[in-house]
Amino acid sequence: MPVGGFVVGDGQKAYPGKLTPFVLFTCVVAAMGGLIFGYDIGISGGVTSMPSFLRRFFPSVYRKQQEDATTNQYCQYDSPTLTLFTSSLYLAALVSSLVASTVTRKFGRRLSMLFGGILFCAGALINGFAKHVWMLIVGRILLGFGIGFANQSVPLYLSEMAPYKYRGALNIGFQLSITIGILVAEVLNYFFAKIKGGWGWRLSLGGAVVPALIITLGSLVLPDTPNSMIERGQHEEAKTKLRRIRGVDDVSQEFDDLVAASKESQSIEHPWTNLLRRKYRPHLTMAIMIPFFQQLTGINVIMFYAPVLFNTIGFTTDASLMSAVVTGSVNVAATLVSIYGVDKWGRRFLFLEGGTQMLICQAVVAACIGAKFGVDGTPGELPKWYAIVVVTFICIYVAGFAWSWGPLGWLVPSEIFPLEIRSAAQSITVSVNMIFTFIIAQIFLTMLCHLKFGLFLVFAFFVVVMSIFVYIFLPETKGIPIEEMGQVWRSHWYWSRFVEDGEYGNGLEMGKSSNQGTKRV
């Protein structure tokens with residue numbers, strides 16, 4: 001009997017189902033996995049701008065910052081050891097994301113989240129009690145292992161649990177959680193920096209235990225996704241779970257399509273090698289290019305070096321931490337805009353609008369910093385109106401990222417992969433993201449020292465390139481069931497030459513096989 005859902009006007013299949021309280025709860029809990037990533041991003045720049053932290057672990061940076069008033073502002077934080085403290089986490093996340101692919105595929109998304117939470121908790125404790133630089137680095141590496149597992153599994157979990165009509169909004173809950181984690185970290189940095197005795201940095205670093213416990217305990221109560229259950233042969237449990245998730249009794253159409261997708265998946269012995277097949281060329285391209293471009297927007301320069309950056313352009317320590325709180329608040333608010341609009345306006349619109357907004361702001365910030373410090377970085381007082389202009393445009397830039405490349409950089413890759421390559425392809429996405437996050441974190445302070453305000457123009461150039469890439473090569477994926485995603489490649493002017501009708505044995509042929517047993521609406 002042909003498999004089929006309801007076919008809407010353009011040939012897309014629409015499975016029956018609704019947004020139930022159960023699936024909303026599970027997606028909210030799972031999205032909390034983003035807290036550990038966001039908290040780390042927000043906490044790093046804050047503690048590295050605290051004089052007591054620098055004096056204890058990075059005395060050379062402390063001396064340049066505190067004792068030499070003539071220091072080139074662009075270069076005062078240029079220290080390989082300091083950047084290694086920040087960037088070592090992302091190298092560890094790269095390694096663990098590759099291991100997480102196997103765990104996620106064989107044991108389920110939920111167990112991968114649990115591992116992530118436990119590893120992050122261990123790293124937070126070591127950092128909070130650190131007495132030497134090596135303890136900081138070891139703690140950061142464990143944090144990275146945790147983030148690799150969480151970032152690999154959470155977006156997949158959300159995409160598979162969510163009804164296709166709400167997949168964009170629920171998946172962006174992960175990015176919202178990241179932004180909340182950043183904001184909480186920046187607020188805590190502001191207050192902990194005021195603690196007498198200069199030990200507030202311990203609370204900032206050790207506080208990462210809290211988001212780690214949230215995702216650890218959350219993963220213990222979450223159900224696994226029907227996709228994952230079917231992939232591991234638990235068909236009856238998966239069908240029961242799918243009924244509860246969708247809130248309807250008749251889920252046979254979606255269930256049969258998931259089973260067909262799983263059979264295709266089980267026939268693949270080497271998913272990593274399978275990624276290189278011609279028909280997966282568009283998927284592999286997006287798995288690499290989207291996270292690559294996401295990091296080259298320059299957002300991490302702002303987010304985990306925000307206090308350092310604001311300090312560099314003339315703010316006091318308190319003012320730089322408060323300015324980071326302001327940008328963090330904008331980040332959260334703008335992510336809510338994306339949740340509202342992603343399933344209404346579409347992915348491409350947000351990508352292109354956000355890119356244009358970031359480009360303009362980067363040019364203005366580069367001009368402002370260049371006009372103030374020139375090429376020699378001569379320090380001086382920053383007029384209040386000037387500071388307001390710089391912070392305003394940085395906030396507009398952050399808003400543009402937060403409703404475009406921030407959430408969509410995780411959403412789009414997680415929703416376009418067919419089941420047979422989903423875990424492996426998501427690991428590619430996380431790995432590329434972490435590789436370039438590591439590179440940017442490691443070289444940013446050196447680049448700022450040498451390129452000066454021109455660094456923002458470098459990032460502006462990449463924003464132009466990636467916007468052109470999206471306009472030409474990325475099809476719209478709004479409102480398409482995750483197991484039907486193959487149609488967007490078959491109908492694309494360029495990718496159709498790689499993906500032909502009949503290449504996907506399961507749901508990607510469903511639009512054809514369902515003509516006999518479907519109802520057109």
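The values are calculated or read from the model by the stated rules, or taken from the named source; none is laboratory data. It should be emphasised that the depicted structure is a prediction, and the values quoted were computed from it without experimental measurement. Virtual Cβ from ideal backbone geometry, glycine too; neighbours counted across all protein chains shown. We work out accessible area using only protein heavy atoms, side chains counted, and drop any ligands, DNA or RNA first. Shrake-Rupley method; radii C 1.70, N 1.55, O 1.52, S 1.80 Å.
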Around Glu186 (Cβ within 15 Å, Cβ-to-Cβ, excluding Glu186; K/R +1, D/E -1) the net charge comes to -1
Suppose accessible area is computed on protein heavy atoms with a 1.4 Å probe; arrange Lys194, Lys64 from highest to lowest.
Lys194, Lys64
Could you pull the accessible area for Thr356 with a 1.4 Å probe, rounded to 10 Å²?
80 Å²
Within the stretch 171-266, what whole-number % of the accessible surface is contributed by carbon and sulfur, with the 1.4 Å probe and all protein chains included in the calculation?
61 percent
Where only protein heavy atoms count, and the probe is 1.4 Å, what is the accessible area per residue for the stretch 109-268 in Å²?
36 Å²
Heavy-atom accessible area ranking, 1.4 Å probe, most first, across His132, His283, His450, His235
His450, His132, His235, His283
Computed accessible area, Thr273, all protein chains, 1.4 angstrom probe, square angstrom:
90 Å²
Given C-alpha coordinates of the stretch 79-215, what is the ratio Rg to Rh with the Kirkwood estimate of Rh?
1.02
Give me the percent of accessible area attributable to carbon and sulfur for the stretch 395-446, probe 1.4 angstrom.
90 percent
Integer Hz, Karplus 6.51/-1.76/1.60 couplings in order for the stretch 249-255, x for Gly and Pro
7, 9, 10, 4, 5, 5, 4
Would you mind working out the accessible area per residue for the stretch 391-493, using a 1.4 Å probe, and quoting it in Å²?
27 Å²
Apply the a/c threshold of 1.5 to the C-alpha gyration tensor of the stretch 155-227 and tell me whether it is rounded, prolate or oblate.
oblate
